[in-house]
């Protein structure tokens, strides 16, 4: 995104900052580049985010501030709220992710532990015009959730953040300073995030550059060029990855028409950690689908993250078909046992179903493609 802006804006860029995941940054003319951490933030994230806040504060009234926002910004650009430590904020996010929290729940908490999210970057700006160009990586393309909405009004509250910790069963493990901060905010003792109607946001214009629908449309067009009938299931993927995989197989088996058909679904699931295995939501979805597909001869499924990175692994996702479970057994891995401990990566690495693409440079949630005949 930054490279494209540099190509178009050229010498009109007075200053710029690129914050990207470790190992994915490249030099961009006219901009400084900082590599930080994802999905668990560290001190590099804080340094880069404070640099971004400094850039915002230094903008002059006649400047245009351009924000290029994509998935991962909630972690990559993290500044703990006053009185909080980075390790406490990071640990809280890790607890919620391990508990299977949906992205809107996770980011509602993140925004209330942050000095840059929830519209606070817009509050720091001194220029007269802000252009936010956004890649959506969240269900429903909610601007307040994408990257935790640094220049967007936030409808969530400190009370909602506290309720989220309670509902996900992690408040007892959450650092005391975090809970105390949220409780103080709920009492009105700490300033809230920027709310709808705040005059700070009148100068902000936001444009969605691409969404999961963009990716689904491209996948469908590619399948049609190959002569397949196509079914767009929409932004269907949600909830537990293992349940989504099973339910998708059941739907295809029940509704499939005659002839070769490509079914395309998008969205984002979650994984509740039950064991010490490795994987990601796409691999876990594919593993559950493999169990549901046992013995089926004419259905193949691919579950993939559009950013090319599924969880803390080197894979984008995995393939599954009616023979996946048997192939795994032949190679010494048990699909059901792997699913029980969230070890989908080890299963597919042994079975041969991993898809490794490398980082794609974009993120519009996940895709699942199912071919039936």
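Name every residue in region 222-241 that is surrounded by 15 or more Cβ atoms within 10 Å (Cβ to Cβ) and assigned to a helix (DSSP H, G or I), in order of residue number. Correct list: 223, 241. Could we say that residue 205 is at pLDDT 95 or above, assigned by TED's automatic domain parsing to the domain that holds residue 160 and in contact with a helix residue (DSSP H, G or I) (Cβ under 9 Å, 6 or more places away or on another chain) here? Criteria not met by residue 205.
Would you pick out the residues in region 280-308 that are assigned to a loop (DSSP other than H, G, I, E, B) and farther than 18 Å from residue 343 by Cβ?
Residues of region 280-308 assigned to a loop (DSSP other than H, G, I, E, B): 280, 293-298, 306-308.
Correct list: 293, 294, 295, 296, 297, 298, 306, 307, 308.
State yes or no: is residue 315 crowded, with 20+ Cβ neighbours inside 10 Å and assigned to a loop (DSSP other than H, G, I, E, B)? Yes, satisfied. State whether one or more residues within region 172-189 are in a strand (DSSP E or B) and either surrounded by 17 or more Cβ atoms within 10 Å (Cβ to Cβ) or not assigned by TED's automatic domain parsing to the domain that holds residue 354 (or both). No; the residues of region 172-189 include none that is in a strand (DSSP E or B) and either surrounded by 17 or more Cβ atoms within 10 Å (Cβ to Cβ) or not assigned by TED's automatic domain parsing to the domain that holds residue 354 (or both). Applying the condition of being modelled with pLDDT under 95 and outside any loop (DSSP other than H, G, I, E, B) to region 264-279 and asking which residue is farthest from residue 364 (Cα to Cα) yields 272.
Within region 13-120, which helices (runs of 4 or more DSSP H) (wholly inside it) include 3 or more residues that are in contact (Cβ under 8 Å) with a residue 60 or more places away in the chain? Steps first, answer last, please.
Values: elements: 43-58, 73-76, 86-98, 103-111.
Correct list: 43-58, 86-98, 103-111.
Of the set (1) surrounded by 15 or more Cβ atoms within 10 Å (Cβ to Cβ); (2) over 15 Å from residue 130 (Cβ atoms); (3) within 20 Å of the chain's Cα centre (by Cα), all apply to residue 23 but (1).
The values are calculated or read from the model by the stated rules, or taken from the named source; none is laboratory data. Owing to the predicted nature of the structure, the values given are computational and were not obtained by experimental measurement. Positions of Cβ are backbone-derived with ideal geometry, glycine not excepted, and every protein chain shown enters the neighbour counts.
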